[in-house]
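Before any comments, here is the structure.
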Amino acid sequence: MRRATKVHSSRAAAAAPAPSGPLPVPHTVHPETVYFADQLRAIFRLRESSLRREIRAGRLRFARVGGRYLFTGRMVLDWLAVCERRAKRGTNRKLTPADANHHDNGQDGD
């Protein structure tokens, strides 16, 4: 009879996928809707620094009113279009839920 080997908790944690929790409810961005920065961060599950980086890089337009950053749905849709990535040629692989949770900057490292 084989004896069960004990797996250290650190190895088990590394091997097990991180719990992703419940899937977020899909959000439809309407061009005429106005969003606050905290709403965009929540919808797209972004860190504050990520949103600031997109603004600094000029990819995400904004309006500043009363010291608050405001974004119209049109600005958000334009931002998503600018950041769109296309699959590389010859990629036949189907996307998995793990791919959707992976934050890839889309750069090849060239």
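In region 40-104, which helices (runs of 4 or more DSSP H) lie fully inside it and hold 2 or more residues that are farther than 25 Å from Val25 by Cβ and modelled with pLDDT of 85 or more?
48-56
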Of the conditions (1) among the hydrophobic types (A, V, I, L, M, F, W, C); (2) out of contact with any Pro (no Cβ under 9 Å at 6 or more places or on another chain); (3) part of a loop (DSSP other than H, G, I, E, B), the single one that Leu23 does not satisfy is (2)
Flagged in region 54-79 as surrounded by 13 or more Cβ atoms within 10 Å (Cβ to Cβ) and free of Cβ contacts under 8 Å to residues at least 40 places away in the same chain, in numbering order, are Glu54, Ile55, Arg59, Leu60, Arg61, Phe62, Tyr69, Leu70, Phe71, Met75, Asp78, Trp79
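The values are calculated or read from the model by the stated rules, or taken from the named source; none is laboratory data. Keep in mind that this is a model prediction, so the values were computed, not measured. Cβ sites come from the backbone with ideal geometry, for glycine too, and all protein chains shown count toward neighbours.
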